[in-house]
1. Which pairs have Cβ atoms under 6 Å, sit 6 or more apart or on different chains, and link a residue in the range 107-136 that is free of Cβ contacts under 8 Å to residues at least 40 places away in the same chain to one that is in a helix (DSSP H, G or I)?
2. Taking only the range 198-209 into account, find how many residues are closer than 17 Å to residue 72 by Cβ and out of contact with any helix residue (DSSP H, G or I) (no Cβ under 8 Å at 6 or more places or on another chain).
3. How many residues are assigned to a helix (DSSP H, G or I) and either crowded, with 19+ Cβ neighbours inside 10 Å or in the same structural domain as residue 249 (by TED's automatic domain parsing) (or both) when one looks only at the range 385-414?
4. Within the range 100-127, track down each residue that is touching a helix residue (DSSP H, G or I) at 6+ places or on another chain (Cβ under 6 Å) and under 29 Å from residue 333 (Cβ atoms).
5. Go through the range 364-384 and report how many residues are at negative phi and in a loop (DSSP other than H, G, I, E, B).
6. Tell me yes or no: at least one residue of the range 342-360 is more than 21 Å from residue 432 (Cβ to Cβ), outside any loop (DSSP other than H, G, I, E, B) and modelled with pLDDT of 95 or more.
7. Filter the range 199-220 down to the residues that are in contact (Cβ under 8 Å) with a residue 40 or more places away in the chain and either surrounded by fewer than 16 Cβ atoms within 10 Å (Cβ to Cβ) or within 23 Å of residue 287 (Cβ to Cβ) (or both) and list them by number.
8. Could you check the range 84-175 for helices (runs of 4 or more DSSP H) lying wholly inside it with 2 or more residues that are more than 26 Å from the chain's Cα centre (by Cα) and buried (at least 20 other Cβ atoms within 10 Å of the Cβ)?
């Protein structure tokens, strides 16, 4: 074979590969918005998210019979665990002191009864989460969920969440109510351990709640004996509660602060019962959030259909009762987002105020994200949200692209320095109660100018620099943006300088994600999509170069074949 033929043969692989690399670069760098496919075992992933705990605690070694190394609180974790201990004792005692005790129900009070029923939050979804919708919409939700009108929603709700057992087995921390210095995760050898608590109290003053009837009217047990030989960290019940509550909050973002405050209450009630520490509950929130995003990215069709089902059902019930022709109108009319929404009078050292409206719901939820535990990591670090988290905002802000949604998550995140900053990949800092229910102001290029708390999620365009500090001028909602106009509803006030909008396809019309409204979207300009124009032009040029290389390679392949036919055999 001729030398020229060898060179030409090598070009058959090189040139197409080069073109493929260029095209891949174009797609990745241009920010093509496709669902993130997560390729890992969920249990391994969860354990990794909490790996920072290894800096503060050494778990006891197997076999758990008293012959192996005991667990140990490391010096780096002493202050963290001290605060962890004092906070659980305070919340547990305040839960016992709250309100009147019912002698007919084992002497427990209303908060303890609620805590008992909340341990069943992953099973009795309708009863446990209806409060987040307020009394009217909550009744609709419970009746639809239990009555067969929300089967798609139920399927999604029952399919989310990771098991916390692998993480519990990896970290093996003693429960708050056991003899902690002697504890082992073994029923037969429960008190044969030799754990070094580094000066922490071997036992905590935990008030146990007796078996009794919960707020759901069913008899429950906190299962102290059963849970005593199982690891405490992380909280599995909190993980499941968040995986359920987050589904509802993302589908009905207008009530996200209320629904998520109720979700955080379910986690907090594990502390009220004295079965979990604040650290366990924080970890449960992180895994519940990550697992929900994982489900969203892997099951887009199911999520979209369930969202459409839930919204349509609630709107239909509202119309039948003359409470409004749109979900936002109904929410406003029944005051589910203000004075007649989710309420909770229970106050403790962390929540500090009762939940009575959207503002207080957001405040309580945010405080429970950290439980006032000390900052032990670097402060002033900019947030960085996982790519898969952007899917959680798809119904709140359907007009925003992935890059913009991630920026919303980052700009609404809590500050750095708290536990798990080094291992949780940003999940610990994501404040979805704020991110799902904000007003996002864009400039004409699609860049986010600011994000502020709002009565409902909305995206608006700042049409002139003078509007930057003019809150009223920036609150004009385009028809079709999530907000007052959700689900084809009220459009709120309009600024005189607002840009005309166009109508997108909804899921029921055969295109895109079903948005919350029968309305228009942002102006269909390149700038409004949030895409950097210079990057777009550059990658368009790269795409043309890649195409030219492919055409050239085909020519050489054809010529090479012709030469082979003419070569002696």
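The values are calculated or read from the model by the stated rules, or taken from the named source; none is laboratory data. Fair warning: this is a prediction, and the values are worked out from it, not measured in the lab. Neighbour counts run over all protein chains shown; Cβ positions are idealised from the backbone, glycine included.
1. Between residues of the range 107-136 that are free of Cβ contacts under 8 Å to residues at least 40 places away in the same chain and residues that are in a helix (DSSP H, G or I), the close pairs are 126/142; 126/145; 126/146; 130/138; 130/141; 130/142.
2. Of the residues in that region, 1 qualify.
3. 14
4. Once the filter is applied, which keeps residues that are touching a helix residue (DSSP H, G or I) at 6+ places or on another chain (Cβ under 6 Å) and under 29 Å from residue 333 (Cβ atoms), the range 100-127 yields 121, 125, 126.
5. Total meeting the criteria: 13.
6. Checked the range 342-360: no residue is more than 21 Å from residue 432 (Cβ to Cβ), outside any loop (DSSP other than H, G, I, E, B) and modelled with pLDDT of 95 or more.
7. Once the filter is applied, which keeps residues that are in contact (Cβ under 8 Å) with a residue 40 or more places away in the chain and either surrounded by fewer than 16 Cβ atoms within 10 Å (Cβ to Cβ) or within 23 Å of residue 287 (Cβ to Cβ) (or both), the range 199-220 yields 199, 201, 205, 207, 208, 210, 211, 218.
8. Ranges flagged: 110-118.
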